[in-house]
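Only one structure is covered here, and it is reproduced in the block below.
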Amino acid sequence: MSQISSEWNNEAYVSLHLVQKMLQMAGLPAKSGYSHWYPEFKIKKLRNCRKKWWVDFYIEDLNRYINFLVEIKSAIARIDDSARYQLYTYLNYSNTRFGLLIDPFRLEVYELTNGQFNLITKHTIKDPTRVEPIAEFLRDFLFTINMRTISIHTSKGGVGKTTLVINLAFELAKQGNRVLVVDLDDQANASLVLGVNRADEIDNASSLEEVEQILDEFAGRKELIDFLKADKGLGFNYMDYVYSSQFNKYINYYIWGINGKIDVIPGSYRTKDAEIGSRPYRQELLNKGLQKSDIAKDYDYVIIDTPPSYTDITWNGVCAAQYMVIPSQMEYLSAYGINNPIKQVKEIEQNTEGKRGKIIGIVPFMTRGTNLNRTMKELIKNRFERQNISMLQEIQHSTYVGEALKARQPMSVYAEKTGKGKNVAYQFISLTQEIIRIINTIEKN
């Protein structure tokens, strides 16, 4: 476009007719239960420096754990190196990772991480009056830094919840995804199997005293409960609470060239409501931590293992989940335990205008070919289909699942090493693909 009207020389006009329209079309309303704009956002001033800065917009998308700055230029004062240095300064002193520079001809997206300020993508604006192509470019960019949070939750213990967590995490990582497992269960079985809670040492301990000594050492370790309680302001580093899973050796050894990984924020016997204290919003501490800690750029999926109880710790897992998967054995007591998680997550969905708390489906877990299993599966399917809740790929009963857990291996690796349980390993693979497919469909609509 060679000529535009003189109105585009005014920064306020660019803001109103281009930037604000672009944000709305990209699915970021100015004020909602999940998205907020903060115009003329004040950047904290430097120590011993009187100068203050205001960036044009600070944008917060709590649903996708995304936040970024927007600095606007006009047709007469276009993007140049001075503007880029200005954005760098804003990002540096606001502790924000992403920033957008935009004028009527160009949009540039920058990332500041580890002291490096880099242009990561750009878009040429052919006509500032046609906002939809610009909004589409922004939507595509936001999709690349989108982090999905999935809670594996049910109100009954012993239904295979942790087994599902560790195998789902591995199958996602095997596809090249960066996965963070958050262990909210005070039994910490996910942390043990994933190799971050010193399971080998516990196995080899020769006395109860040695086991207790190992457990006592957890008191001085930063873990899940400390992540919940920590101040998430300047100086907070989420990596202090994250540990690399021993499952990563299988990803790197068996699957050459894959950049996927599994990290863990581990739990332990310390994961108790009493440890949280009387903090405000105590049921949203995990969600706020994931939003404010810059985790979103480093992980594609967060898998949350919740305890089978109704505590503030459990609610943290529910409130932090964009999506929920409910495992259940096909018998009466387990099926009854499906109702309460659905009620919990529906409340979250209503409070976030349908942007969070989406139920992916129910996983029939450890099924057998009995009349009871078949009858219960049909009853559950008919009952919850009326609520648009589907039955997902089933995981059949197999002694090899327990053997894989005892060996602290994902089912796929155990099946490859021993030749046993290949059918169940394939079911975990199929279930993972189904979950990804459903999430992609939801996010595209």
No solvent, one uniform scatterer per C-alpha: report log10 I(q)/I(0) for the chain via the Debye equation at q = 0.11 1/Å, two decimals.
-0.91
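Relative contact order, percent, of the chain when contacts are C-alpha pairs under 8 Å separated by at least 6 residues? Don't skip to the answer; put the middle values down first.
Working: 809 pairs, mean separation 67.0, N = 445.
Here the relative contact order equals 15 percent.
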q = 0.33 Å⁻¹: log10 I(q)/I(0) that the Debye formula gives for the range 128-167, counting C-alpha atoms only:
-1.06
How many angstrom separate the Cα center of the range 105-180 from the Cα center of the range 271-343?
20 Å
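Between beta-carbons, use under 15 Å as the cut-off and find the net charge around ILE4, counting Lys and Arg +1, Asp and Glu -1.
On the way: positive: LYS73, ARG78, ARG106, LYS126, ARG130; negative: GLU7, GLU11, ASP103, ASP127.
For residues surrounding ILE4, the net value is +1.
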Within the P(r) computed for the range 54-206, what percentage of the Cα pairs occupies the region above 26 Å?
48 percent
Return the Rg/Rh value of the range 340-386, two decimal places, where both radii are evaluated on C-alpha atoms and Rh is the Kirkwood radius.
1.11
Evaluated at 25 °C and 0.890 mPa s, the Stokes-Einstein D of the range 55-126 based on the Kirkwood radius over Cα pairs, in µm²/s, stands at 198 µm²/s
Label 7 Å along Cα→Cβ of GLU275; the range 297-316 residues with amide nitrogen under 18 Å?
304-316
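THR370: net charge of surrounding residues, Cβ under 12 Å, Lys/Arg +1, Asp/Glu -1, itself excluded?
Spelling it out: positives minus negatives among the neighbours equals +2.
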Work out, step by step, the length gained on full extension between GLU403 and SER390: first 0.36 nm times the residue separation, then minus their alpha carbon distance; give nm to one decimal.
1.7 nm
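Local charge sum around SER191 (other residues, Cβ-Cβ under 12 Å, Lys/Arg +1, Asp/Glu -1)? Before the final figure, lay out the partial values.
Numbers: positive: ARG198, ARG221, ARG270, ARG408; negative: ASP183, ASP185, ASP186, GLU223, ASP263, ASP305.
Surrounding charge for SER191 is -2.
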Bin by bin, in steps of 5 Å, what percent of the Cα pairs in the range 310-445 do you find, going until the bin that has the longest distance?
2, 9, 17, 18, 18, 17, 12, 5, 1, 0
Given Cα positions, please report Rg to Rh for the range 139-196, the hydrodynamic radius being the Kirkwood one.
1.04
How big is the antiparallel share of DSSP beta bridges in the chain, given as a percent to the nearest 5?
50 percent
Ignoring ligands, DNA and RNA, what accessible area per residue does the range 362-445 give at 1.4 Å, in Å²?
55 Å²
List residues of the range 148-186, by number, whose backbone nitrogen lies under 15 Å from a label position 7 Å along Cα→C-beta of TYR310.
154-157
Search the structure for amide H atoms under 5 Å from the amide H of LYS358, placed 1.01 Å from N in the peptide plane, and list their residues when 5 or more places away or on another chain.
TYR323, MET324
Would you compute, from DSSP H runs of 4+ residues alone, the mean residue ellipticity of the chain at 222 nm, taking -39500 (n - 2.57) per run and dividing by the full residue count, rounded to the nearest 500?
-11500 deg cm²/dmol
Label point 7 Å out from ASN339 along Cα-to-Cβ: which residues of the range 144-159 have amide N under 15 Å?
155-156
Give the peptides 263-271, 35-43, 435-443 in descending order of average Cβ contacts within 10 Å, highest first.
263-271, 35-43, 435-443
For the pair ARG374 and PHE236, what calculated FRET efficiency results from E = 1/(1 + (r/R0)^6), where r is the Cβ-Cβ distance and R0 = 45 Å, to the nearest 0.05?
0.30
With N residues in the range 296-390, Rg(alpha-carbon) / (2.2 N^0.38 Å) equals 1.16
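Taking the convex hull of the alpha carbon atoms in the range 219-340, what volume per residue do you get, in Å³?
151 Å³
The values are calculated or read from the model by the stated rules, or taken from the named source; none is laboratory data. Computed from a predicted model, the values in this text were never measured in an experiment. Cβ coordinates were reconstructed from backbone atoms using ideal geometry, including for glycine residues, and neighbour counts include every protein chain displayed. Keep in mind that these areas ignore ligands, DNA and RNA; they rest on the heavy atoms of the full protein, side chains included. Shrake-Rupley method; radii C 1.70, N 1.55, O 1.52, S 1.80 Å.
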